Amino acid sequence: MDLRQMEYLVALADEQQFTRAAALCGVSQSGLSAAIRGLEDELGTALFARTTRRVEPTEAGLALLPHARTMLAQAAAGRDAVVRATHALSGRLRVGAEQCLGVVDVPTLLERFRRRYPQVDIAFDQAGSHELVNRVRAGELDVAFVATTEHLASMPRTALGVRPVVLLVPPDHGLASATVEWTQLEDADFIDFHESWGVRSLNDAACAAHGVRRRVRCTVNDIHTLLDLVQRGLGIALVPQHIATKPQAAGLVTVRLPAASTPQWEVSVVTRAGEVSPAPRLLELLDAEQVPAA
């Protein structure tokens with residue numbers, strides 16, 4: 001067993017899909033699959049149960065998973081110790097992020113950065129993506145993790161991952177089925193995020209493009225509140241796919257939109273062009289470690 005195999009194991013267990021896990025690890029799908037098969041051959045047992053739709057850890061895979069996470073954490077701590085001993089970096093790093101981005105775990109990334117560069121003062125703020133983009137452009141933030149591709153102009157940007165948008169409804173709702181057509185959303189009551197959130201403008205644009213008139217009855221700034229309101233039957237919600245897998249969404253029905261027209265929610269990290277700050281070191285760490293979401 002080596003660290004690369006452990007990285008692939010953790011990514012596949014988290015993503016439950018070879019394509020997304022390979023993208024997260026920066027490797028081809030065939031390369032990741034071959035590494036997992038090699039690990040299974042070495043251990044003499046299957047670590048994942050594979051179906052046409054998803055990949056799930058077996059009992060053996062679940063037993064190995066915490067040890068894999070420990071190995072990766074210890075290796076990361078060792079690298080941080082070396083960098084800390086050989087590189088002095090100070091100053092202030094101002095970071096912003098939208099809530100629950102899924103494809104990147106920002107708190108874990110900041111923890112790694114703090115361990116590696118303890119003399120840097122970190123300031124972190126959480127807000128909607130459109131607000132964060134404006135604050136980076138105004139010089140109020142050095143780096144922001146956002147879920148929008150709008151109004152970025154020439155801002156330096158690195159795409160981190162994409163998730164499809166799905167519909168969340170209560171189990172007794174009339175749209176609680178495997179799939180829906182856009183026309184079925186006409187005049188439905190919706191729970192959605194504030195206009196500053198990237199997913200709100202994505203939803204608005206998608207509905208407008210398909211001629212869907214909808215009523216946004218409740219506007220929120222918190223994912224858990226949105227899920228709670230849907231649970232209580234106050235409306236339905238269009239959300240990135242990973243939100244539908246949160247424990248707070250248990251009991252809700254995830255409904256797929258037409259495959260050819262499903263909106264794609266994209267997460268990026270943006271910085272201010274020409275800005276002198278510790279931000280490049282944060283991006284180097286992100287690129288080197290490919291921090292997965294928990």
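The values are calculated or read from the model by the stated rules, or taken from the named source; none is laboratory data. What you are looking at is a predicted structure, and each value in this text was computed from that prediction instead of being measured. Here the Cβ is made from the backbone with ideal geometry for all residues, glycine too, and neighbour counts use every protein chain on show.
Scanning region 129-158 for residues that are assigned to a loop (DSSP other than H, G, I, E, B) and crowded, with 21+ Cβ neighbours inside 10 Å, which turns out nearest to the chain's Cα centre (by Cα)? Before you say what the answer is, go through the steps one by one.
We begin by selecting, within region 129-158, every residue assigned to a loop (DSSP other than H, G, I, E, B); these are 138-142, 147-156.
Now drop any that are not crowded, with 21+ Cβ neighbours inside 10 Å, which leaves 141-142, 147-148.
Values: LEU141: 21, ASP142: 20, ALA147: 9, THR148: 13 Å.
In this case the residue turns out to be ALA147.
Looking at region 244-264, which of its residues are touching a helix residue (DSSP H, G or I) at 6+ places or on another chain (Cβ under 6 Å) and not in a loop (DSSP other than H, G, I, E, B)?
GLN248, ALA249, THR254
Determine whether SER177 is over 17 Å from the mean Cα position of the chain (by Cα) and touching a residue at least 24 places away in the same chain (Cβ under 8 Å). Full working, then the answer.
On the way: over 17 Å from the mean Cα position of the chain (by Cα): yes; touching a residue at least 24 places away in the same chain (Cβ under 8 Å): yes.
So SER177 passes the test.
Quick one: ARG232 ticks every box in (1) modelled with pLDDT of 95 or more; (2) touching a Gly at 6+ places or on another chain (Cβ under 9 Å); (3) among the basic types (Lys, Arg) except a single one, so which number is it?
Condition not satisfied by ARG232: (2).
Considering only region 246-268, how many residues are among the polar types (S, T, N, Q) and within 12 Å of the chain's Cα centre (by Cα)? Write out each step before concluding.
First, pick out the residues of region 246-268 that are among the polar types (S, T, N, Q): 248, 254, 261-262, 264, 268.
Of the ones still in play, those that are also within 12 Å of the chain's Cα centre (by Cα) are 268.
Number satisfying all stated conditions: 1.
Output the residues belonging to region 101-114 that are surrounded by fewer than 16 Cβ atoms within 10 Å (Cβ to Cβ) and either over 13 Å from the mean Cα position of the chain (by Cα) or over 19 Å from PRO280 (Cα atoms) (or both).
Hits for region 101-114 are GLU111, ARG114.
Sort out which residues of region 29-54 are farther than 16 Å from ALA68 by Cβ and exposed (fewer than 12 other Cβ atoms within 10 Å of the Cβ), and write them in order of number.
Selection gives SER30, ASP41, GLY44, THR51, THR52, ARG53.
Which members of region 31-57 meet the condition of being of a type in the set (Ser, Thr, Tyr), under 19 Å from THR19 (Cα atoms) and assigned to a loop (DSSP other than H, G, I, E, B)?
Our first condition is that a residue be of a type in the set (Ser, Thr, Tyr); within region 31-57, this holds for 33, 45, 51-52.
Now narrow it down to the ones that are under 19 Å from THR19 (Cα atoms): 33, 51-52.
Hits for region 31-57 are THR51, THR52.
Tell me which of these PHE18 doesn't satisfy, since it passes every other one: (1) closer than 18 Å to THR245 by Cβ; (2) surrounded by fewer than 18 Cβ atoms within 10 Å (Cβ to Cβ).
(2)
For region 265-287, does any single residue satisfy the condition of being in contact (Cβ under 8 Å) with a residue 12 or more places away in the chain, within 25 Å of ALA11 (Cβ to Cβ) and in a loop (DSSP other than H, G, I, E, B)?
No: region 265-287 contains no residue that is in contact (Cβ under 8 Å) with a residue 12 or more places away in the chain, within 25 Å of ALA11 (Cβ to Cβ) and in a loop (DSSP other than H, G, I, E, B).
Would you be able to tell me the number of residues in region 201-225 that are without any contact (Cβ under 8 Å) to a residue 24 or more places away in the chain and under 20 Å from LEU252 (Cβ atoms)?
Residues flagged as without any contact (Cβ under 8 Å) to a residue 24 or more places away in the chain and under 20 Å from LEU252 (Cβ atoms) within region 201-225 amount to 1.
Among the residues of region 89-100, are any outside the structural domain of GLY139 (by TED's automatic domain parsing), modelled with pLDDT of 85 or more, surrounded by 13 or more Cβ atoms within 10 Å (Cβ to Cβ) and outside any helix (DSSP H, G or I)?
no
Out of the residues in region 195-221 that are in a helix (DSSP H, G or I) and of a type in the set (D, E, K, R), which is surrounded by the fewest Cβ atoms within 10 Å (Cβ to Cβ)?
Step one: filter region 195-221 for residues in a helix (DSSP H, G or I), giving 198-209.
The next check asks that each one be of a type in the set (D, E, K, R); those that pass are 200, 204.
Numbers: ARG200: 20, ASP204: 15.
This residue is ASP204.
Test ALA76 against the stated conditions and say whether it is at pLDDT 90 or above, surrounded by 14 or more Cβ atoms within 10 Å (Cβ to Cβ) and either touching an Asp or Glu at 6+ places or on another chain (Cβ under 8 Å) or under 26 Å from PRO247 (Cβ atoms) (or both).
Numbers: at pLDDT 90 or above: no; surrounded by 14 or more Cβ atoms within 10 Å (Cβ to Cβ): yes; either touching an Asp or Glu at 6+ places or on another chain (Cβ under 8 Å) or under 26 Å from PRO247 (Cβ atoms) (or both): yes.
No: the conditions fail for ALA76.
Filter region 242-266 down to the residues that are polar (S, T, N, Q) and within 16 Å of PRO170 (Cα to Cα), then identify the one that is surrounded by the fewest Cβ atoms within 10 Å (Cβ to Cβ). So that I can check it myself, show each step before the final result.
Start the filter on region 242-266 by keeping residues that are polar (S, T, N, Q), which leaves 245, 248, 254, 261-262, 264.
With the extra rule that they be within 16 Å of PRO170 (Cα to Cα), the set shrinks to 245, 248, 254.
Values: THR245: 12, GLN248: 15, THR254: 16.
The residue in question is THR245.
Restricting region 159-194 to residues that are touching a helix residue (DSSP H, G or I) at 6+ places or on another chain (Cβ under 7 Å) and assigned to a loop (DSSP other than H, G, I, E, B), which is nearest to VAL104 (Cα to Cα)?
HIS194
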